[in-house]
Structure formats: C-alpha cells, structure tokens
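Worksheet: the structure to be examined is printed underneath.
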Amino acid sequence: MVEETLIKVGGMSCQGCVKNINQLLLAMPGVNSADVSLEAGEAKVTFDPAKIQRLALLEAIEDAGFDAE
Ligand code: 9UX
C-alpha cells in the first residue's frame, strides 16, 4: 500500500537543503519516493503507511532544522 502526502517545509534556502531533505526522507524505511521543491516550499512523499507514519516524516525534517507541517 502506498500513500502520498504533501508536507509544507519552511526554512529551505538553497538546493542543498532540498538535496539534504530528499536524502534523509529516502533513507527512512517505508519511504518510496520524495520530491522536494524549494520554490513551492513543499515535499511530496510517497510511503507505506504500514511501515512509517506521516508524523515521523515531519519529525525527521524538523530534526534536520526545518519547519514541517
Ligand atoms: Mo544551502 Mo540549506 O547553503 O540547510 S544547504 S542553506
């Protein structure tokens, strides 16, 4: 099962931030894909809800020093 969610991400200043967030999301078990946009200030993530919760995605982004909601 795959669920897609859109997360508002605040605090990204350059494409390095985008790359870092993309990589940290993809490294999480249960995450299938991550598409982070600096311009939109958003991350589109697909994940398996049986393996990971949306809240864990937000927490990982926040732990990296960004805002997520
Ligand atoms: Mo760019 Mo982001 O120099 O954490 S990587 S601001």
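How high is the relative contact order of the range 3-68, in percent, counting Cα pairs under 8 Å that sit 6 or more residues apart?
Relative contact order comes out at 43 percent.
With a 1.4 Å probe and all protein chains kept in place, how much accessible area does GLU62 have, in Å² rounded to the nearest 10?
Taking all protein chains as shown, GLU62 has close to 90 Å².
Can you find, among PHE47, MET12, ALA27, the residue farthest towards the positive end of the dipole of the chain? Put +1 on the C-beta of Lys and Arg, -1 on that of Asp and Glu.
The listed residue farthest towards the positive side: ALA27.
Would you kindly compute the Cα radius of gyration of the chain and its largest Cα-Cα separation (Dmax), both in Å?
10.8, 33
Calculate one ³J(HN,Hα) per residue across the range 55-62 by plugging θ = phi - 60° into the Karplus curve 6.51 cos²θ - 1.76 cosθ + 1.60, and present them in order as whole Hz with x for glycine and proline.
4, 5, 5, 4, 5, 5, 5, 5
Rounded to the nearest 20 debye, what is the charge dipole size of the range 3-68 about its Cα centre when +1 sits on each Lys and Arg Cβ and -1 on each Asp and Glu Cβ?
Taking the Cα centre of the range 3-68 as origin, the dipole is about 100 debye.
Taking 7 Å along the Cα-to-C-beta vector as the label spot, tell me the LEU55-LYS8 distance in nanometres, rounded to one decimal.
My value for the distance between the label points is 2.0 nm.
Going 7 Å from the Cα of GLU62 toward and past its Cβ, which residues in the range 9-46 have a backbone nitrogen under 14 Å from where you end up?
Only 9-10 fall inside the zone, counting backbone N under 14 Å.
Could you state the accessible area per residue of the chain in Å², with a 1.4 Å probe and every protein chain left in place?
In whole numbers, the chain has 59 Å² accessible per residue.
The values are calculated or read from the model by the stated rules, or taken from the named source; none is laboratory data. The structure presented is a predicted model; accordingly, all values stated were derived computationally and were not measured. A quick note on method: Cβ atoms are made from the backbone with ideal geometry, for glycine too, and the neighbour counts reach across all protein chains shown. Each accessible area value is taken on the protein alone, full model and side chains, heavy atoms only, with ligands, DNA and RNA left out. Shrake-Rupley method; radii C 1.70, N 1.55, O 1.52, S 1.80 Å.
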